[in-house]
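The values are calculated or read from the model by the stated rules, or taken from the named source; none is laboratory data. Worth saying up front: this structure is predicted, and the values here are computed from it rather than measured. All Cβ positions, glycine included, derive from the backbone under ideal geometry; neighbour counts span all protein chains shown. We work out accessible area using only protein heavy atoms, side chains counted, and drop any ligands, DNA or RNA first. Shrake-Rupley method; radii C 1.70, N 1.55, O 1.52, S 1.80 Å.
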Amino acid sequence: MKIDWAALGSVFGVSLSATVALVALFTLGMVGLSRHEAATEQGGAATLARTGAYACFALCAAAVTYGIYLIVV
């Protein structure tokens, strides 16, 4: 049996990049929600922060769904 180290390294790199991207998107979503809460407490309306947070969470859900789709197919 011969291990293709280049392919193994490629899989590791892609999975590490995808994990970092998902964590960054989720973090941006949490930051957007916290800014929305802070603006609401001060009497303002931060709909852009809330919309951005929801968009980040939607992208996270889409990436997870696509990953599950790739595993199933």
- Message: To test your reading of the geometry: what angle, between 0 and 90 degrees and rounded to tens, separates the Cα axis of helix 5-41 from the longest principal axis of the chain?
- Response: 10 degrees
- Nearest-0.05 FRET efficiency for Ala24 and Asp4 at R0 = 30 Å, using Cβ-Cβ distance, is 0.50
- Message: Given N residues in the chain, what is its alpha carbon radius of gyration divided by 2.2 N^0.38 Å?
- Response: 1.59
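Over segment 5-72, what is the relative contact order in whole percent, taking alpha-carbon pairs under 8 Å and six or more residues apart? Mind showing how you got there, number by number?
Values: 36 pairs, mean separation 21.9, N = 68.
Once normalised by length, the contact order is 32 percent.
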- Query: How would you order 15-25, 31-41 from highest to lowest mean count of nearby Cβ atoms within 10 Å?
  - Reply: 31-41, 15-25
- Task: Can you pull the one-decimal nm distance between simple spin-label points at Val31 and Leu48, each 7 Å off the Cα toward Cβ?
- Result: 1.5 nm
- Query: Per residue of the chain, what 222 nm ellipticity follows from adding -39500 (n - 2.57) for every DSSP H run with n ≥ 4, rounded to the nearest 500?
  - Reply: -31500 deg cm²/dmol
- Note on the structure: Heavy-atom accessible area per residue of the chain, all protein chains kept, 1.4 Å probe, expressed in Å², is 79 Å²
- Carbon and sulfur atoms: what percent of the 1.4 Å accessible area of the chain do they account for? 73 percent
